Structures are given as structure tokens and as C-alpha cells.
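First the structure, in the form of C-alpha cells, and then the observations on it.
The values are calculated or read from the model by the stated rules, or taken from the named source; none is laboratory data. Being a predicted model, the structure only gives us computed values, none of them experimental. Note that each Cβ is placed from the backbone with ideal geometry, even for glycine, and that neighbours are counted across all protein chains shown.
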Amino acid sequence: MRLRHIELIDAILRTGSLTQAAALLHISQPAASKVLAHAETHLGYALFVRVKGRLHPTPELEALTPHIARVKQDMTAVRRLADNLKLHPQGHLRIGCAPALGLGLLPQTVHATRTHRPGIVFDIHTYHSAELVEHLQVRELDLAITFDAAEHPGLERTVIGHTELVFLGPAPTQSDADPHDTASTPIRLQDLPAQDLIVLDMHDHTGALLEAAMADAGQTLQARIQVQTHYVACALALAGCGCTVVDALTARSMLRAGMMLRPLSPAIRVPISVLAHGSVARRDIETFFIEQLQYHCHVLSSQGYPTHTAS
């Protein structure tokens, strides 16, 4: 099946009429009829049946329809990228990032990049680690920002900095406060409230780091709530569902009055990396963006541990 077949089939599905589909594609009705006939001859079965003057898909076409829709989406993406390259010669970046890194690090980096290079166009997507790798490998992304520390065939990894896992929970009331228990005082892994702990999925790199550290400390995670993303863990903690251990960048971004961050003991460092195509020469705009990521990652990771956010 060719692209012109797919365009016509999609137009007929949208309009229910060969004449209207031809008008939508700015071709004549005989030309549209010829393209449809060619498609059906090539496939060996009918694609439409006429019912009360309208064209309806056959069972075979209904099976093909989801795949046709995906091809149409890809075609639209190609057209949009081609237009952006023409309209914005200063640069176009397709960035993927882990959801947790989309709250603090990425927004600041994008703002700084656009301040210095105002003509740049961004397409930003959030995926989990495995999806970031997949989209990079099929060239749907230029760069991916991730906690993933693994090496992947065909991809080049650049460490831009690190964060660490922190404890996020309710700040003690004045009557309950321990003068020796402050925001800068590390909380031992064995002192984490296991029954009220909201943890990350063990398939997440940071979730796996916490599980390994707990095992080294002779502790077992028995959490009642498990989530896939850091900001959902924070949101649940803010709603009073318990405490959580997440990366410091996300925790600081979502910190609210009445909550407290504390470092862990021992500290659990989490590297932050940028993945890129190993066989593609890096563009100037990509190098500049990565430099901005490194700078803002350093700034954010240098912040302390506030007990409360400002009122």
C-alpha cells in the first residue's frame, strides 16, 4: 500500500464519499476512483462497500484502520518538522525527558536556551527510561534526559550532573518537633516509616537504587503505595497519603508549606545523563543545550533542604 492510497482511504473514512474525499485532496473524482481501484487491486480485496449512498469500510479495512491512523500521524509529524526547519533555521530540538526532570531542570534549561537562542523551536516529550531509548533509536528524538545510567548500543551517554534521593514528609508540629531533628539532619534508611512509605516502581532506576540501598542496610521495603513517577509520589505525600523518597529536584519543585525535605543516610546519588545518537554528528545547538543542562543541574543540585516553602 502506497502513501497516496492511505491519503485517499483516510479521506473517504472521514467523509464517507469518494467525491468529497477527492475534493478534500484537491484531485478529480475520476482520479480518486482510479487510486482506490489500484489500491484494492493491489491488496486483492475490497476496502469499502456502499450502503445507502455512503461508503463504509469492509472488515479488512477496519483491521487496517488503526495502522493507517498511525501512518497519518507520522506523515503529519514529518510535514510539521519540515515546516519548522524551513521557518526556523536557527534550530529545532526534539527533546525527551524523564517525567521527574520535566518539573525543574528542563523548564529552566529551555528558558535559558531560548533567551540566548530565541529562534529555536522545541518539541518536548516525557517518557520513562525504556521509552526514551526506543524513541531515540528510531530517530524520533534528538536528545533524551534521563536518570538511566545504562549503556545502550548506538547511543552516546553524557553525564551532566547528579541529584540524590531525599525524604519528603510532613514537617513536625512545634509541640512534636525534636530540636536535633532538622531539615539538614539525615534520616537513616532503617528509620524510614515503612508502613507509610510511598515508593517508586522497582523498574525505575531510582526505585531500584533505593531498594538496593535498603537491602544493604538489612531493610525490606513493604510499601502500601507504589507509583511510576516521582511527582505522583510527591503529590500523594502532599495529600497526606504518607511519606516518600524521591529525587531532590522533583521534591524541591513540589515542596509546599507544612512539608519537609531531609537527606538520607547513607546518601543515594542519582546520575543525570543525556542520551544522543552515537553515529550522528552533534549540532551546535545540541552542544549549547547540553551545556545549559549541566549548568542548571549544578545550580539545582547545590540547593539545601528547606523545612517549609515560603508562605
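Brief remarks on what is shown
- Of the criteria (1) more than 18 Å from the chain's Cα centre (by Cα); (2) of a type in the set (Gly, Ala, Ser); (3) surrounded by fewer than 16 Cβ atoms within 10 Å (Cβ to Cβ), which one residue 130 fails: (1)
- Subset of the range 243-261 that is touching a residue at least 60 places away in the same chain (Cβ under 8 Å) and among the small types (Gly, Ala, Ser) - its residue that is farthest from residue 299 (Cα to Cα): 258
- Check on residue 100, farther than 11 Å from residue 274 by Cβ, touching a helix residue (DSSP H, G or I) at 6+ places or on another chain (Cβ under 9 Å), surrounded by 20 or more Cβ atoms within 10 Å (Cβ to Cβ) and small (Gly, Ala, Ser): yes
- Criterion applied to 244, 206, 220, 229 was being more than 21 Å from the chain's Cα centre (by Cα) and closer than 30 Å to residue 136 by Cβ, and the one residue passing it is 244.
- Single residue of the range 42-63 satisfying the filter (surrounded by 12 or more Cβ atoms within 10 Å (Cβ to Cβ) and in contact (Cβ under 8 Å) with a residue 24 or more places away in the chain) that is farthest from the chain's Cα centre (by Cα): 54
- Boolean, residue 264 is over 24 Å from the mean Cα position of the chain (by Cα), aliphatic (A, V, I, L, M) and closer than 24 Å to residue 149 by Cβ: yes
- For the range 283-301, taking the residues that are more than 22 Å from the chain's Cα centre (by Cα) and more than 15 Å from residue 248 (Cα to Cα), the one that is surrounded by the most Cβ atoms within 10 Å (Cβ to Cβ) is identified as 283.
- Every residue from the range 143-160 that is in a strand (DSSP E or B), farther than 30 Å from residue 194 by Cα and of a type outside the set (Lys, Arg): 143, 144, 145, 155, 156, 158, 159, 160
- For the range 159-195, taking the residues that are surrounded by 13 or more Cβ atoms within 10 Å (Cβ to Cβ), among the aliphatic types (A, V, I, L, M) and modelled with pLDDT of 90 or more, the one that is farthest from the chain's Cα centre (by Cα) is identified as 187.
- One residue stands out in the range 133-149 among those that are touching a His at 6+ places or on another chain (Cβ under 8 Å) and surrounded by fewer than 19 Cβ atoms within 10 Å (Cβ to Cβ): the one that is nearest to residue 274 (Cα to Cα), namely 149.
- Restricting attention to the range 33-53, the residues that are of a type in the set (Lys, Arg) and over 15 Å from residue 8 (Cα atoms) total 2.
- Hits in the range 8-35 (condition: under 39 Å from the mean Cα position of the chain (by Cα), within 19 Å of residue 62 (Cβ to Cβ) and without any contact (Cβ under 8 Å) to a residue 40 or more places away in the chain): 8, 11, 14, 15, 21
- Residue check for residue 221: in contact with a Lys or Arg (Cβ under 8 Å, 6 or more places away or on another chain) and outside any helix (DSSP H, G or I): no
- Selected residue (criterion: farthest from residue 200 (Cα to Cα)) from residues of the range 107-142 that are touching a Cys at 6+ places or on another chain (Cβ under 9 Å) and outside any loop (DSSP other than H, G, I, E, B): 109
- Residue 198 vs. criteria within 19 Å of residue 103 (Cβ to Cβ) and surrounded by 16 or more Cβ atoms within 10 Å (Cβ to Cβ): yes
- Breaking point among (1) out of contact with any His (no Cβ under 7 Å at 6 or more places or on another chain); (2) over 14 Å from residue 64 (Cα atoms), for residue 35: (1)
- Selection within the range 206-218 - outside any helix (DSSP H, G or I) and either under 21 Å from residue 163 (Cα atoms) or touching a helix residue (DSSP H, G or I) at 6+ places or on another chain (Cβ under 6 Å) (or both): 217
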